[in-house]
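Please read the structure below before turning to the comments.
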Amino acid sequence: MKIPFNKPYLSGKELRYIEEAVRLGKISGNGEFTQRCQSFFEKRYGFKKCLLTNSCTDALEMAALLCDIQAGDEVIMPSFTFVSTANAFVLRGAKIVFVDSRSDHPNMDESLIEELISPKTKAIIVVHYAGVACEMDKIMSIATKHKLWVIEDAAQGIESYYKEKALGSMGHLSCFSFHETKNIQSGEGGLLAINDPALIRRAEILWEKGTDRAAFFRGEVAKYGWVDIGSSFLPSELTAAFLWAQLEELESIQSRRMSTWEAYFQLFSEGSTANEILSSSYQKILIEASKNIEFTWQCREHKGNAHMFYLLFKQESDRTKFSGRMKSAGVLSVFHYQSLHKSDYAKKCFPNQYDRQLPNSDRYSDCLLRLPLFYELPEVSAEY
Ligand SMILES: Cc1ncc(COP(=O)(O)O)c(C=O)c1O
């Protein structure tokens, strides 16, 4: 493939920091590099407390435990999301209630949330798709009114803002991903941000396999032992060292991604003069393809993080035609989530959700196509 969909970013310092972690002799979790990464997030985004995890999936599972989700509780989330958003709560026995996406953006339609709330509802899980913020003011006020937890699935949301507030700083708990497809990556990796101070102590215990080891190492207790349930959520120092090498370059990564995003935006904008720089054969292809594309541009309204550049086609067959043509030109473009309410698992376990009509979610499943966007993608390749 001439142009892959993604190429994980490497700053060049990853191996040096991993070597340093090995030399320091504390290779398991919660050492020097873990502390450095966690305080970076706390200071930069104002999160009350951060804990590195092995993945965003881990962080979501911790969030479900911290909210004490029990069998039969209901949890509201978009259908257009990754399976982990749902699985973390299904593992606790929750019933998932799916909400449709907005007509102008894959994010959840906040105007549909309230009618889905029942006496069993415990939490709303928001997913900031493509690093673009959900309507948090409205969602937080619904949650306050009904006394619900808000968990931000900000897997794609690093360095993105909603009205000057960092994504991940508004919900009681927030979850980030550092999977190799994300702007900042450590192969696999994640982060739980805890914004409700009342949850911090228990979060540390769950993270440390159900023990009060973190308090012990701070000298707060004389010995540590089994005090709660928990699991092995904390990554080793090797992962944290890798991540630190990326965090040091956060600003340069973001500025490169933003300019590639901007190049795409200009090329596909109606009436743009930018596409005059394209050769006439490319112009023809672009004009022809543009007839079948509808746009949903949110990044200009909110402060997006250039995690993704996607096109929304009018019909699935247009998308198939376009991606096939891209593939034959050596460019890999890929679709994204398939509506969870229409999944085999939902059919089996949540048949009343399977039967619901969530047309916007289905439309994004069928018609959205992501174009290559990664640090090393030069603007000239975006034009190609
Ligand atoms: C919205 C969303 N939540 C959660 C995840 C899971 O992230 P991870 O692979 O770090 O577990 C993903 C994966 O991309 C995602 O897109």
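Taking the condition of a type in the set (Gly, Ala, Ser) and within 13 Å of the ligand (Cβ to nearest atom), does Gly171 pass?
no
Would a scan of segment 31-44 turn up a residue that is over 18 Å from Phe233 (Cβ atoms), aromatic (Phe, Trp, Tyr) and out of contact with any Phe, Trp or Tyr (no Cβ under 7 Å at 6 or more places or on another chain)?
Yes; the residues of segment 31-44 include at least one that is over 18 Å from Phe233 (Cβ atoms), aromatic (Phe, Trp, Tyr) and out of contact with any Phe, Trp or Tyr (no Cβ under 7 Å at 6 or more places or on another chain).
Taking the options Tyr375, Tyr364, Tyr354, Tyr337, name whichever one is free of Cβ contacts under 8 Å to residues at least 24 places away in the same chain and not assigned by TED's automatic domain parsing to the domain that holds Glu74.
Tyr354
Taking the condition of being loosely packed, with under 13 Cβ neighbours inside 10 Å and in contact with a Ser or Thr (Cβ under 9 Å, 6 or more places away or on another chain), how many residues in segment 111-127 meet it?
0
Only one of Glu188, Glu237, Glu249 is more than 14 Å from the ligand (Cβ to nearest atom), touching a residue at least 24 places away in the same chain (Cβ under 8 Å), surrounded by fewer than 24 Cβ atoms within 10 Å (Cβ to Cβ) and among the acidic types (Asp, Glu); which? Quick ask: steps written out before the conclusion?
Details: Glu188 fails: more than 14 Å from the ligand (Cβ to nearest atom); Glu237 fails: surrounded by fewer than 24 Cβ atoms within 10 Å (Cβ to Cβ).
Just a single option satisfies the conditions, and that option is Glu249.
Kindly provide the set of residues from segment 191-223 that are over 17 Å from Cys50 (Cα atoms) and within 16 Å of the ligand (Cβ to nearest atom), ordered by number.
If the condition is that a residue be over 17 Å from Cys50 (Cα atoms) and within 16 Å of the ligand (Cβ to nearest atom), then no residue fits.
Filter segment 331-363 down to the residues that are of a type in the set (Gly, Ala, Ser) and within 19 Å of Asp109 (Cα to Cα), then identify the one that is surrounded by the fewest Cβ atoms within 10 Å (Cβ to Cβ).
Ser339
Go through (1) within 14 Å of the ligand (Cβ to nearest atom); (2) buried (at least 21 other Cβ atoms within 10 Å of the Cβ) for Phe82 and report which single condition fails.
(2)
Quick check, is Asp100 more than 16 Å from the ligand (Cβ to nearest atom), modelled with pLDDT of 95 or more, within 23 Å of Lys348 (Cα to Cα) and within 20 Å of the chain's Cα centre (by Cα)? Lay out the reasoning, then the answer.
Details: more than 16 Å from the ligand (Cβ to nearest atom): yes; modelled with pLDDT of 95 or more: yes; within 23 Å of Lys348 (Cα to Cα): yes; within 20 Å of the chain's Cα centre (by Cα): yes.
Spelling it out, Asp100 is indeed more than 16 Å from the ligand (Cβ to nearest atom), modelled with pLDDT of 95 or more, within 23 Å of Lys348 (Cα to Cα) and within 20 Å of the chain's Cα centre (by Cα).
Of Val126, Val75, which residue is within 21 Å of Leu340 (Cβ to Cβ), in contact with a Cys (Cβ under 6 Å, 6 or more places away or on another chain) and either of a type outside the set (Ser, Thr, Tyr) or at pLDDT 95 or above (or both)?
When all the criteria are applied, what remains is Val126.
Check Ala64 against each of (1) within 16 Å of the ligand (Cβ to nearest atom); (2) closer than 30 Å to Ser323 by Cα and name the one condition it does not meet.
Of the numbered conditions (1) within 16 Å of the ligand (Cβ to nearest atom); (2) closer than 30 Å to Ser323 by Cα, the odd one out for Ala64 is (2).
Just need a number here: residues in segment 54-112 that are over 24 Å from Val132 (Cβ atoms) and either assigned to a loop (DSSP other than H, G, I, E, B) or hydrophobic (A, V, I, L, M, F, W, C) (or both).
Final tally of qualifying residues: 17.
Considering only residues that are within 16 Å of the ligand (Cβ to nearest atom) and either surrounded by fewer than 18 Cβ atoms within 10 Å (Cβ to Cβ) or acidic (Asp, Glu) (or both), which ones fall in segment 133-158?
Answer for segment 133-158, where residues must be within 16 Å of the ligand (Cβ to nearest atom) and either surrounded by fewer than 18 Cβ atoms within 10 Å (Cβ to Cβ) or acidic (Asp, Glu) (or both): Glu152, Asp153.
Are any residues in segment 8-53 outside any helix (DSSP H, G or I), over 21 Å from Ala166 (Cβ atoms) and away from the ligand (no atom under 16 Å from the Cβ), and if so, which ones?
Leu10, Ser11, Gly12, Lys13, Gly25, Lys26, Ile27, Ser28, Gly29, Asn30, Gly31
Assuming Ala130 fulfils every condition listed in (1) surrounded by 21 or more Cβ atoms within 10 Å (Cβ to Cβ); (2) within 12 Å of the ligand (Cβ to nearest atom); (3) touching a residue at least 40 places away in the same chain (Cβ under 8 Å); (4) part of a loop (DSSP other than H, G, I, E, B) apart from one, which condition is it?
(4)
The values are calculated or read from the model by the stated rules, or taken from the named source; none is laboratory data. These figures come from a predicted structure and were not determined experimentally. Note: ideal-geometry Cβ built from the backbone for every residue, glycine included; neighbour counts use all protein chains shown.
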